[in-house]
Amino acid sequence: MGRAWDPARDTRERLLMLEQREKARAQARAVAEGVAETVALSKRRGSAFSKEPAGKGGRETPYQRRTGLDWLHHKGRINDGQKAAGERYGACFRRAEAEAPIGSTLEIQPGGGSRGEPALEVVLRVAARRARAREELEGLRSRLMAQPDLVGACDMICGRELTPREAGGGEREGLRLEAVLKVALDLLGAG
């Protein structure tokens with residue numbers, strides 16, 4: 001035994017549903033406008049983004065931030081070999097610079113590491129990995145003759161993944177950094 005049909009209740013429910021749908025659309029528009037504003041501001045600061053065309057059903061795809069090397073390669077300003085050399089430098093830079101610091105020996109807890117290893121062995125393995133990465137990075141930097149402009153351009157664009165304009169703080173300095181980076185990538189790729 002169901003409820004009796006009430007046209008007034010059906011109308012209220014339909015209006016409530018339409019109101020909720022419109023609120024959801026308004027909120028989605030506000031979010032899209034906020035994202036577009038953030039992307040536009042970041043682009044003015046030199047960030048590079050890519051966005052795939054809308055997929056099936058017209059659904060929006062997310063923005064993806066491009067690294068400096070990806071942006072330069074996409075624009076045809078560096079070739080495949082230069083990009084590969086920059087990616088090698090960047091991976092080595094991040095391994096050497098981004099590893100967690102080794103804690104004090106006072107922080108080592110009895111009982112060992114996650115795999116039942118003694119904690120000191122874990123600390124020593126992390127230290128050895130970081131030392132190898134730093135040695136490799138120093139080797140790459142020596143190929144750049146430890147020249148500060150070449151090393152700085154590689155650190156900012158390959159290592160920290162900034163676009164030349166972001167790294168330089170403007171168009172003019174960005175173009176200078178781009179030229180310096182091309183020389184550095186040629187030197188890295190030659191070895």
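The values are calculated or read from the model by the stated rules, or taken from the named source; none is laboratory data. Here the structure is a predicted model, which means the values were calculated and not measured. Every residue, glycine as well, gets a Cβ built from its backbone with ideal geometry; the counts of neighbours run over all protein chains shown.
Determine whether residue 69 is at pLDDT below 85 and either of a type outside the set (Gly, Ala, Ser) or in a helix (DSSP H, G or I) (or both).
Criteria not met by residue 69.
Condition test on residue 60, is it farther than 30 Å from residue 130 by Cβ, out of contact with any Phe, Trp or Tyr (no Cβ under 9 Å at 6 or more places or on another chain) and at pLDDT below 75?
yes
Can you find even one residue in the stretch 148-156 that is over 21 Å from the mean Cα position of the chain (by Cα) and surrounded by fewer than 20 Cβ atoms within 10 Å (Cβ to Cβ)?
Yes: one or more hits.
Here is a list: 86, 81, 76, 90. Which entry is assigned by TED's automatic domain parsing to the domain that holds residue 165, within 30 Å of residue 172 (Cα to Cα), out of contact with any Ser or Thr (no Cβ under 6 Å at 6 or more places or on another chain) and not in a helix (DSSP H, G or I)? Steps first, please.
Values: 86 fails: not in a helix (DSSP H, G or I); 81 fails: not in a helix (DSSP H, G or I); 90 fails: not in a helix (DSSP H, G or I).
Just a single option satisfies the conditions, and that option is 76.
Quick test for you: out of 91, 8, 48, 85, pick the one residue that is of a type in the set (A, V, I, L, M), modelled with pLDDT under 90 and under 30 Å from residue 134 (Cα atoms).
Answer to the selection: 48.
Scanning for something surrounded by 13 or more Cβ atoms within 10 Å (Cβ to Cβ), at pLDDT 75 or above and assigned to a helix (DSSP H, G or I), does the stretch 15-32 turn up at least one residue?
Restricting attention to the stretch 15-32, the residues satisfying the condition of being surrounded by 13 or more Cβ atoms within 10 Å (Cβ to Cβ) are none.
Scanning the stretch 15-32 turns up no residue that is surrounded by 13 or more Cβ atoms within 10 Å (Cβ to Cβ), at pLDDT 75 or above and assigned to a helix (DSSP H, G or I).
Can residue 160 be described as under 11 Å from residue 96 (Cα atoms), out of contact with any helix residue (DSSP H, G or I) (no Cβ under 6 Å at 6 or more places or on another chain) and of a type outside the set (Ser, Thr, Tyr)?
In short, no.
Select from the stretch 150-175 the residues that are among the charged types (D, E, K, R) and at pLDDT 95 or above and list them in ascending order.
Matches in the stretch 150-175: 155 only.
When you scan the stretch 124-142, do you find a residue that is touching a helix residue (DSSP H, G or I) at 6+ places or on another chain (Cβ under 8 Å), modelled with pLDDT under 55 and of a type outside the set (Gly, Ala, Ser), even just one?
For the stretch 124-142, residues touching a helix residue (DSSP H, G or I) at 6+ places or on another chain (Cβ under 8 Å), modelled with pLDDT under 55 and of a type outside the set (Gly, Ala, Ser): absent.
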